[in-house]
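Student: Structure provided below as structure tokens; questions to follow.
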Amino acid sequence: MISCTRNDEKLTIQYQGIAILEHSPKQSCLSLRRAEEHVDMYRGNYFIEDTVLEELNLNECSVTQAYQEGRGVVSLTFGGKEGKVTCDLSEVEGRLQMHFSPLPKPYNRLVIRLVACEDEHVWGCGEQFSHFDLRGRHFPLWTQEQGVGRNKATEITQISDRLDRAGGDYHTTFYPQPTFVSSRRYFVHAQTDGYADFDFTHPAYHELEFWDVPSCITISTKPTLLSVVQDISALLGRQPKLPSWVYDGIILGMQGGTATCLEKLERVHAHRMQVCGLWIQDWEGEKYTSFGKRLRWNWQWDESLYPGLDKEIVRLKAQGIRVLGYINPYVLADHPLFEEAKRLDFLGKRTDGSVYLVDFGEFDAAIVDFTNEKAVNWYKDVIKRELIDFGLGGWMADFGEYLPTDVILANGRSAMLEHNPWPGYWAKVNQDAIKECGKEEEILFFMRAGSSQSLASCPMMWAGDQNVDWSEDDGLPSVITAALSLAMSGMGLHHSDIGGYTTLYGMKRSKELLLRWAEFAAFTPLMRTHEGNRPKDNWQFDSDEETLRILAFFTSLHVRLKPYLMHVVAENAELGIPVMRPLFLHDPDPRFHTVKDAYLLGSDLYVAPVLKQGCNEREVDLPKGEWVHLVTHAPYTSGKHTVEAPLGQPAVFYRAGSEFSPLFSSLFNTGTEQPL
């Protein structure tokens, strides 16, 4: 129900009893800006400046009510002689929809101020790595490289900025989404393609700036935060169930040729490690740069590096092991797929009509134009022929966030408006190729870049290129924040590279980091390792016998959790309840509103990973109810406790009385002994 009330000069718009807009001549809830942007892109890192030339506060507001298409519509008209904007509010399928008229010239920025409370908490905006509670900060929403370090105060970010313009910031992300959830139990989603900035710094309002007027802003209120999150995916889409084989072991990232991969597999099998997949990212060939080992972006099997791989794929699948590969939405210049796409006119262009080549760091690649239906069909055929027919059981569908803002596309639309949706287009290309082959229940692809469309098109996200360290903004702790932020944005399936990826400026993955990351990954929907960009600098899963033994133990733990993992993944697919959940989705106590270092796996497992180097204990704050330590079987009550957490004795608790208690209680049968 929409209600409008006036008190003196203040107009208040409420939906379902929650104040949404407050307007007065002194404080307008709507304003317009005329601005000019400057966008500079360097290898996926964007430097965006916006100069405001004029701002118009729309201080006048009139209200009319009418019926359109059988439903009540409240029309708000803001403005005066300088120009006006109309906002129509109506209830559609139990949600409030806001539709705006075009902006009067010369204004090109729309600013909306939604009512806020001082004690309010806000979550979402896609995948955020530094901050879970977004209150007190503003978040530019623009897909790009996450950046190295992601904290301008840290040395690693400063070095990366100085040497390669690649240091990120607290808001830089592969996966922005113009959606947020309020602790007042509502969500806001803006259907917009352009750059946006959501500012949560003001105590009395949330200021949302749009460079592209949203075709619709949707607001939904529900009795609980859990039902709010469920309604986001009901609106935008839900990920399907995962293929059953995904739970049957670990996916080991390896590369270097057929013989090397088979030797590694033989060694891990000698330690009884359960392997469900070999992720071979260089199946299409290698390319070396100063950054480290890169890949040859021509999506065809490199028979010289991987002789006999076609036969090994068949043999390994018969043993329950899938081979996974790698692809991205670009084609390497002067290679066969590039030449074919160029001949067919399927590539993005420059203003002079030449092919737009993007610098990806000491090599150039071209953009397959996903606004051209023929180009989309061609690239789907590439995926079908070179990946699916070859026998791959899945792949990393990498990148998607690099679309330059000055590329000329077939549909004639500005690349400034195609940039943010691009990862969603890329997800759908992969999804449709798999569907058209009838392989939805067999093949898994995973992505780092995302958009609002990803909820309906991408079956699994991964957290991207974390540093091989313990840093809050870009190391192991950041992937939990990322998973929880995505959960509050409606995306329920997420995992990360075990051990991280980025190995630069003296950073090297330690044995402890790799094993702590693996211990955490055992309690996520998917376990997968990565060698990193400089494999020889990093501790790997097979660097010594102890590492193999411990990783085999964590993998077996993950495999034995399969019935529960399948249950919670089904909940996500059918009900829109994310797999890795913020604590407050099941316990509304405000003390959990800012917790980003622990989570619920489903409703019945509380997981508090060790996130600090050299630490062998963990402080936990258990939600309401009675809990049982997964390892020691000791009972615990709700509240704060400090527990021992040496490697192999994770700070994980199961809910007493859970229907899965027999499974949980069987995982560790060693009393208080450390199982390793």
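The values are calculated or read from the model by the stated rules, or taken from the named source; none is laboratory data. As the structure is a prediction and not an experimental result, all values here were calculated from the model. Because the Cβ atoms are built from the backbone with ideal geometry, glycine has one as well, and the counts that use them run over all protein chains shown.
The rows are residues; the columns are (1) buried (at least 21 other Cβ atoms within 10 Å of the Cβ); (2) of a type in the set (V, I, T).
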| residue | (1), (2) |
| --- | --- |
| Q177 | yes, no |
| R184 | no, no |
| L208 | yes, no |
| I217 | yes, yes |
| T224 | no, yes |
| L242 | yes, no |
| D248 | no, no |
| M254 | yes, no |
| E266 | no, no |
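Student: Separate question: Please go through (1) aliphatic (A, V, I, L, M); (2) farther than 22 Å from P535 by Cα; (3) surrounded by 17 or more Cβ atoms within 10 Å (Cβ to Cβ) for L305 and return the number of the only condition it doesn't satisfy.
Tutor: (2)
Student: With Q27, Q14 as the choices, which residue is more than 31 Å from the chain's Cα centre (by Cα), farther than 20 Å from S414 by Cβ and at pLDDT below 95? First the steps, then the outcome.
Tutor: On the way: Q14 fails: at pLDDT below 95.
Step by step, each of Q27, Q14 is checked, and only Q27 is more than 31 Å from the chain's Cα centre (by Cα), farther than 20 Å from S414 by Cβ and at pLDDT below 95.
Student: Do we find that T547 is polar (S, T, N, Q) and touching a Phe, Trp or Tyr at 6+ places or on another chain (Cβ under 9 Å) in this structure?
Tutor: Details: polar (S, T, N, Q): yes; touching a Phe, Trp or Tyr at 6+ places or on another chain (Cβ under 9 Å): yes.
It is true that T547 is polar (S, T, N, Q) and touching a Phe, Trp or Tyr at 6+ places or on another chain (Cβ under 9 Å).
Student: Are any of the residues in region 592-602 aromatic (F, W, Y), crowded, with 16+ Cβ neighbours inside 10 Å, more than 20 Å from S130 (Cα to Cα) and at pLDDT 95 or above? Working first, answer last.
Tutor: Of region 592-602, the ones aromatic (F, W, Y) are 592, 599.
Keeping just the survivors that are crowded, with 16+ Cβ neighbours inside 10 Å gives 592, 599.
Subsequent filtering for residues that are more than 20 Å from S130 (Cα to Cα) retains none.
Looking through region 592-602, none of the residues is aromatic (F, W, Y), crowded, with 16+ Cβ neighbours inside 10 Å, more than 20 Å from S130 (Cα to Cα) and at pLDDT 95 or above.
Student: Mind telling me which of the residues R238, R272 ends up being more than 17 Å from P525 (Cα to Cα), touching a helix residue (DSSP H, G or I) at 6+ places or on another chain (Cβ under 7 Å) and modelled with pLDDT of 95 or more?
Tutor: Numbers: R238 fails: more than 17 Å from P525 (Cα to Cα).
When all the criteria are applied, what remains is R272.
Let's see how each residue does on (1) in a helix (DSSP H, G or I); (2) under 27 Å from S130 (Cα atoms):
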| site | (1), (2) |
| --- | --- |
| Y564 | yes, no |
| E574 | yes, no |
| I577 | no, yes |
| P609 | no, yes |
| Q613 | no, yes |
| V631 | no, no |
| Y636 | no, no |
| H641 | no, yes |
| L647 | no, yes |
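Student: Continuing with the same structure: With the condition kept exactly as written, say whether any residue in region 135-148 is in a loop (DSSP other than H, G, I, E, B) and of a type in the set (S, T, N, Q). Before you say what the answer is, go through the steps one by one.
Tutor: Of all residues in region 135-148, those in a loop (DSSP other than H, G, I, E, B) come to 135-137, 142, 144-147.
Applying the additional criterion that residues be of a type in the set (S, T, N, Q) yields 144, 146.
Yes: region 135-148 contains one or more residues that are in a loop (DSSP other than H, G, I, E, B) and of a type in the set (S, T, N, Q).
Student: Based on what the data block shows, is T555 hydroxyl-bearing (S, T, Y) and part of a helix (DSSP H, G or I)? Can you show your working first?
Tutor: Details: hydroxyl-bearing (S, T, Y): yes; part of a helix (DSSP H, G or I): yes.
Taking the combined requirement at face value, the residue satisfies it.
Student: Does P563 meet the test of being modelled with pLDDT of 95 or more and not assigned by TED's automatic domain parsing to the domain that holds M491?
Tutor: Numbers: modelled with pLDDT of 95 or more: yes; not assigned by TED's automatic domain parsing to the domain that holds M491: no.
No: the conditions fail for P563.
Student: For G79, which of the numbered conditions (1) buried (at least 16 other Cβ atoms within 10 Å of the Cβ); (2) modelled with pLDDT of 95 or more fails to hold?
Tutor: Unmet for G79, out of (1) buried (at least 16 other Cβ atoms within 10 Å of the Cβ); (2) modelled with pLDDT of 95 or more: (2).
Student: Identify all residues within region 1-36 that are in a strand (DSSP E or B), surrounded by fewer than 15 Cβ atoms within 10 Å (Cβ to Cβ) and of a type in the set (D, E, K, R); write none if there are none.
Tutor: R6, K10, E36
Student: Given (1) farther than 23 Å from H494 by Cβ; (2) touching an Asp or Glu at 6+ places or on another chain (Cβ under 6 Å); (3) buried (at least 22 other Cβ atoms within 10 Å of the Cβ), where does D197 come up short, assuming only one miss?
Tutor: (3)
Student: Related question: So which residues in region 305-321 are touching a residue at least 12 places away in the same chain (Cβ under 8 Å) and in a loop (DSSP other than H, G, I, E, B), if there are any at all? Full working, then the answer.
Tutor: Taking region 305-321 and keeping what is touching a residue at least 12 places away in the same chain (Cβ under 8 Å), we get 305-310, 312-314, 316-317, 320-321.
L305, Y306, P307, G308, G320, I321 - these are the residues of region 305-321 that are touching a residue at least 12 places away in the same chain (Cβ under 8 Å) and in a loop (DSSP other than H, G, I, E, B).
Student: Do we find that Y42 is assigned by TED's automatic domain parsing to the domain that holds I219, surrounded by 18 or more Cβ atoms within 10 Å (Cβ to Cβ) and in contact (Cβ under 8 Å) with a residue 12 or more places away in the chain in this structure?
Tutor: Answer is no for this residue.
Student: Also: Restricting the first residue to region 52-81 and requiring it to be assigned by TED's automatic domain parsing to the domain that holds Y107, which pairs with a second residue that is at pLDDT 90 or above and loosely packed, with under 11 Cβ neighbours inside 10 Å meet a Cβ separation below 7 Å and a spacing of at least six or different chains?
Tutor: Close Cβ pairs satisfying both conditions: L53/E36.
Student: Here is a further query. So, of the residues in region 270-301 that are in a strand (DSSP E or B) and free of Cβ contacts under 8 Å to residues at least 40 places away in the same chain, which turns out to be nearest to G325 (Cα to Cα)? Step through it out loud before you land on a result.
Tutor: Going through region 270-301, the residues in a strand (DSSP E or B) turn out to be 275-279, 286-289, 292-295.
With free of Cβ contacts under 8 Å to residues at least 40 places away in the same chain added as a condition, the list becomes 286, 288, 295.
Details: E286: 13, Y288: 18, L295: 11 Å.
Applying the filter and picking the extreme gives L295.
Student: Against the definition (touching an Asp or Glu at 6+ places or on another chain (Cβ under 6 Å) and under 29 Å from L236 (Cβ atoms)), how does A449 come out, yes or no? Give the derivation first.
Tutor: On the way: touching an Asp or Glu at 6+ places or on another chain (Cβ under 6 Å): yes; under 29 Å from L236 (Cβ atoms): yes.
Yes; evaluated as a whole, the condition is true for this residue.
Student: Specify which of the listed residues (D398, D389, D381) is among the acidic types (D, E), assigned by TED's automatic domain parsing to the domain that holds G325, crowded, with 18+ Cβ neighbours inside 10 Å and within 19 Å of N298 (Cα to Cα).
Tutor: Matching residue, one of D398, D389, D381: D398.
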